[in-house]
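Student: Sharing a structure, written as structure tokens. Questions coming.
The values are calculated or read from the model by the stated rules, or taken from the named source; none is laboratory data. Just so it is clear, the model here is predicted, and its values are computed rather than measured. Reconstructed Cβ throughout: ideal geometry from the backbone, glycine too, with neighbour counts over all protein chains shown.
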Amino acid sequence: MNGEPERRTGPVPKSVLARGLRLLDAFGSGDAELTLAQLAARTGLPKPTAHRLLGELVRWGGVERTAGGYRLSMRLFVLGQRAPRPRGLREAALPYLEDLYEATHENIHLAVLDGVDTLFLEKVTGRRAMPIVSRVGGRLPAYCTATGKLFLALGPADRLRQVLAAGLAHYTPRTIVMPGLLRRELDRTLERGYALNREESEAGVSAIAAPIIDADGGVTAAISITGSSRRLDLERLAPAVRTAARALSRELAR
């Protein structure tokens, strides 16, 4: 598993702008660079069209040519830093994430929902934490992550219907792919007030997550502790992650 869901191309858009954006979106968090052939395959665009649009993106400064193909440029990073909601959320959350890391020496994540995926906005880790596939800007299907289960359990019913319609694929032998079993797991998540992931997105890796609640009572983000299934006592960590999430919720609601 590479930490990214399979590319879902769908119908090729007609507008030039939408096609250009599709090329940018084809880059996964683990892709340092992609070839023209890879970009054409991921987007569904003919190679000549992809080549022409990539030339426009290079001239604009959003993409750079490399010896092996293309890579995203620093201009996109700078542009992304101007988005107020993620930046403000990350800045407010960072002290709580760092405190959790110091208390556990495990991987600590801040995540939000993006479509049917959980998107990692921030990650605090260190030498003592187990190396895992997640990274800032990476995503995983909501149904097989602790943070994602919170968005499904505490969100509107239509959100779960969208996830089920997209299909439940195996990421590990323990991934929940039966709709009925997933619904029961989400019911338990709702009762507990926190979510668990027991090797459902990556073998040997488990996680516990708690929700960040906004002023209107909705789930705006989630914090998780993630590490080795052999050493992580999820239930023991529940008070710590819930306390951090509640404190951040109160700060954001001011």
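Student: I want to confirm something. Restricting to segment 220-236 and keeping residues that are among the polar types (S, T, N, Q) and part of a strand (DSSP E or B), which single residue is surrounded by the most Cβ atoms within 10 Å (Cβ to Cβ)?
Tutor: Among residues in segment 220-236 that are among the polar types (S, T, N, Q) and part of a strand (DSSP E or B), the one surrounded by the most Cβ atoms within 10 Å (Cβ to Cβ) is Ser224.
Student: With respect to Arg254, is the statement that it is within 21 Å of Arg198 (Cα to Cα) and without any contact (Cβ under 8 Å) to a residue 60 or more places away in the chain true?
Tutor: The answer is no for Arg254.
Student: Follow-up question, since we're still on this one. Could you tell me which of the residues Arg75, Arg87, Arg42, Arg52 is modelled with pLDDT under 90, over 30 Å from Leu248 (Cβ atoms) and charged (D, E, K, R)?
Tutor: Only one candidate qualifies: Arg75.
Student: Checking Asp31 against (1) assigned to a helix (DSSP H, G or I); (2) among the charged types (D, E, K, R); (3) under 23 Å from the mean Cα position of the chain (by Cα), only one condition comes out false. Which one?
Tutor: Condition not satisfied by Asp31: (1).
Student: Kindly indicate whether any position in segment 224-233 is in contact with a helix residue (DSSP H, G or I) (Cβ under 6 Å, 6 or more places away or on another chain), of a type in the set (Gly, Ala, Ser) and either at pLDDT below 95 or farther than 17 Å from Ala92 by Cβ (or both).
Tutor: The answer is no; no qualifying residue exists.
Student: As an exercise: evaluate Lys123 against (1) among the basic types (Lys, Arg); (2) in contact with a Lys or Arg (Cβ under 8 Å, 6 or more places away or on another chain); (3) at pLDDT below 90 and give the number of the one condition it does not meet.
Tutor: Unmet condition: (3).
Condition check ((1) buried (at least 20 other Cβ atoms within 10 Å of the Cβ); (2) touching a residue at least 60 places away in the same chain (Cβ under 8 Å)) across all residues:
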position: Ser134; (1), (2): yes, yes
position: Phe151; (1), (2): yes, yes
position: Leu168; (1), (2): no, no
position: Leu181; (1), (2): no, no
position: Arg184; (1), (2): no, no
position: Thr189; (1), (2): yes, no
